[in-house]
1. Taking CYS83, is it assigned to a helix (DSSP H, G or I) and modelled with pLDDT under 75?
2. Does ASP116 qualify as being assigned by TED's automatic domain parsing to the domain that holds PHE206, farther than 20 Å from GLU204 by Cβ and free of Cβ contacts under 8 Å to residues at least 40 places away in the same chain?
3. Could you please find all residues in the range 39-65 being more than 25 Å from the chain's Cα centre (by Cα), without any contact (Cβ under 8 Å) to a residue 24 or more places away in the chain and part of a helix (DSSP H, G or I)?
Amino acid sequence: MKNLKSKKLYLQVYDELRHYILKNNLKPGDKIPTEMELSQALGVSRNVLREAIKTLEILGVVSSKPGVGMVVNAFSPSSLSTCMFLNLIDDKGDLFRQSQEVRKVLEIGFAQQCFDSITDDQITRMEDCVTAMESFEEYEDFYDSDAYFHRSMYENLDNKMLIAFLDSAWECDRSFRAKVIEDKALRIKKHRDISIALREKDYEAFMASLIFHFSYKYKINPPETEE
């Protein structure tokens, strides 16, 4: 275990500010004390305090409101999941594998709800994505349609955390997916089979196509080496 004394001062202040917000049950829009008040109460310099507050801002916990000061924000699952992936970004290529594993569990876990509640409009938009994929040559174009295809499947489940996680996962592994070696025809087939099963209201076929989609083993292009 690490010696707590080694923890950077601004992170200690960050922890104290989080505890202050929780202990006082501050709600979205509530104001936190001024820099001078906090600096005096915590016994730290304003520079240290500002680093801690900046961390809270990055995480979406607080924000500066003109004419008011620093206020508590409403909970944002998007901020939470984005920050989580940013903290993992140093994992390089392995992040792609990890995000695929978690996406598989989530998407298959929500498959029944998706199947029971999906609308014709959603399915039509998914079919449009497949049609668009057939005309793409560049992976970047395919990538955007792929992301929209999956988002459309789950957007009416009233689960902001799920959508925020999926959006963040897609953005975070964008650079890694460009290195994926996958046959274009297979890419299209996997998505077409999912949309066909939903259109025909065939749950078994839907689950089979979804499981295959995430069971396919991708190959990654080796990194380029300098001559």
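1. yes
2. On the way: assigned by TED's automatic domain parsing to the domain that holds PHE206: yes; farther than 20 Å from GLU204 by Cβ: no; free of Cβ contacts under 8 Å to residues at least 40 places away in the same chain: yes.
It is false that ASP116 is assigned by TED's automatic domain parsing to the domain that holds PHE206, farther than 20 Å from GLU204 by Cβ and free of Cβ contacts under 8 Å to residues at least 40 places away in the same chain.
3. Selection gives SER39, GLN40, ALA41, ARG46, ASN47, ARG50.
The values are calculated or read from the model by the stated rules, or taken from the named source; none is laboratory data. Computed from a predicted model, the values in this text were never measured in an experiment. Reconstructed Cβ throughout: ideal geometry from the backbone, glycine too, with neighbour counts over all protein chains shown.
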